[in-house]
Amino acid sequence: MKAKRTFYSERIYPLLFMFAVTFFCILLTSGLHLATQDKAITNERSFTRRAILNAGGVDFENTTEGIEEAYQSKIEEKDGYYVADSENGKRYIIPVEGPGLWGAITIMAGFEEDLSTFSGIAIVSQNETPGLGARIEEPWFTEQFRGKQAPFTLVEEGTADAATEVDAITGATRTSEYFRNLTNRAADDAKRIIGGE
């Protein structure tokens with residue numbers, strides 16, 4: 001025997017069912033978001049603080065507690081920049097953002113007291129191609145700026161030997177150029193933001 005088709009069973013019931021499923025999914029997603037929001041904020045703050053510590057050349061234990069302890073004891077927040085206490089004196093860290101190949105690249109650039117010599121660079125965010133441009137996050141790439149002064153010139157990967165040369169990433173020439181431009185600009189930004197020039 002065939003079930004009788006009615007306006008309710010063909011039109012209203014499917015709408016009510018979709019509404020109930022959608023409402024349940026929204027509640028579930030919202031609940032998960034609210035339940036994990038504090039942890040996400042803590043992780044994001046910890047990631048940024050780790051970048052500041054790395055750029056300032058500050059030693060720390062790479063745990064949430066270690067990062068927080070080092071940040072609270074060694075970093076002073078100023079208007080638009082950070083000051084790190086190190087064995088070699090004060091170091092200044094500024095956030096710098098610029099274009100990349102697929103989106104913005106944000107770094108923390110650390111400088112010695114002369115505001116010209118890099119004490120370190122740390123990536124905060126980037127959207128470059130994994131395995132190519134995203135290699136800007138690899139320690140060998142960021143460490144090559146430490147102790148050097150801008151302006152930088154790019155050379156083939158593995159061949160930098162002059163004080164102003166930095167290795168480009170093989171297969172990611174455009175990202176390397178964007179990063180070089182960002183670091184070259186960082187020195188001028190540091191003098192303007194911190195030195196008032």
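The values are calculated or read from the model by the stated rules, or taken from the named source; none is laboratory data. Nothing here was measured: the structure is a model prediction, and the numbers come from that model. Backbone-built Cβ (ideal geometry, glycine too); neighbour counts: all protein chains shown.
May I ask you to list pairs of residues, at least six apart or on different chains, whose Cβ atoms are under 8 Å apart, with the first in the stretch 156-169 being closer than 16 Å to Ile136 by Cα and the second being acidic (Asp, Glu) and outside any strand (DSSP E or B)?
Going by the 8 Å Cβ cut-off, the qualifying pairs are Asp167/Glu156; Asp167/Glu157; Ala168/Glu156; Ala168/Glu157; Ala168/Glu177; Ile169/Glu157.
Can you run down the residue pairs with Cβ atoms below 6 Å, 6 or more apart or on separate chains, where the first is in the stretch 65-87 and closer than 19 Å to Ile41 by Cα and modelled with pLDDT of 90 or more and the partner is hydrophobic (A, V, I, L, M, F, W, C) and not in a loop (DSSP other than H, G, I, E, B)?
From residues that are closer than 19 Å to Ile41 by Cα and modelled with pLDDT of 90 or more, the pairs are Ala70/Leu53.
Which condition does Gly103 not pass, out of (1) surrounded by 15 or more Cβ atoms within 10 Å (Cβ to Cβ); (2) closer than 30 Å to Gly171 by Cα; (3) touching a residue at least 24 places away in the same chain (Cβ under 8 Å), if it passes all the others?
Among (1) surrounded by 15 or more Cβ atoms within 10 Å (Cβ to Cβ); (2) closer than 30 Å to Gly171 by Cα; (3) touching a residue at least 24 places away in the same chain (Cβ under 8 Å), the lone unmet condition for Gly103 is (1).
When you scan the stretch 40-52, do you find a residue that is among the basic types (Lys, Arg) and either on the phi > 0 side of the Ramachandran plot or loosely packed, with under 10 Cβ neighbours inside 10 Å (or both), even just one? Walk me through it before giving the result.
First, pick out the residues of the stretch 40-52 that are among the basic types (Lys, Arg): 45, 49-50.
From the residues that got through so far, the ones that are either on the phi > 0 side of the Ramachandran plot or loosely packed, with under 10 Cβ neighbours inside 10 Å (or both) too are none.
Within the stretch 40-52, not a single residue is among the basic types (Lys, Arg) and either on the phi > 0 side of the Ramachandran plot or loosely packed, with under 10 Cβ neighbours inside 10 Å (or both).
Could you grab me the full set of residues in the stretch 64-75 that are surrounded by 11 or more Cβ atoms within 10 Å (Cβ to Cβ) and either over 22 Å from Ile123 (Cβ atoms) or out of contact with any Asp or Glu (no Cβ under 9 Å at 6 or more places or on another chain) (or both)? Talk me through it step by step, then tell me what you get.
Kept after step one, since they are surrounded by 11 or more Cβ atoms within 10 Å (Cβ to Cβ), are these residues of the stretch 64-75: 64, 66-71, 74-75.
The answer is Thr64, Gly66, Glu68, Glu69, Tyr71.
Any idea how many residues of the stretch 25-63 are among the hydrophobic types (A, V, I, L, M, F, W, C), under 28 Å from Ile93 (Cα atoms) and assigned to a helix (DSSP H, G or I)?
7
Need the failing condition index for Ser116 against (1) modelled with pLDDT of 90 or more; (2) farther than 14 Å from Thr183 by Cβ; (3) hydroxyl-bearing (Ser, Thr, Tyr), just the number.
The one condition Ser116 does not meet is (2).
Residues Glu87, Glu128, Glu138: which one is within 17 Å of the chain's Cα centre (by Cα), among the acidic types (Asp, Glu) and under 26 Å from Tyr71 (Cα atoms)? Even if it seems obvious, please write down each step before you answer.
Numbers: Glu87 fails: within 17 Å of the chain's Cα centre (by Cα); Glu128 fails: under 26 Å from Tyr71 (Cα atoms).
From the options Glu87, Glu128, Glu138, the qualifying one is Glu138.
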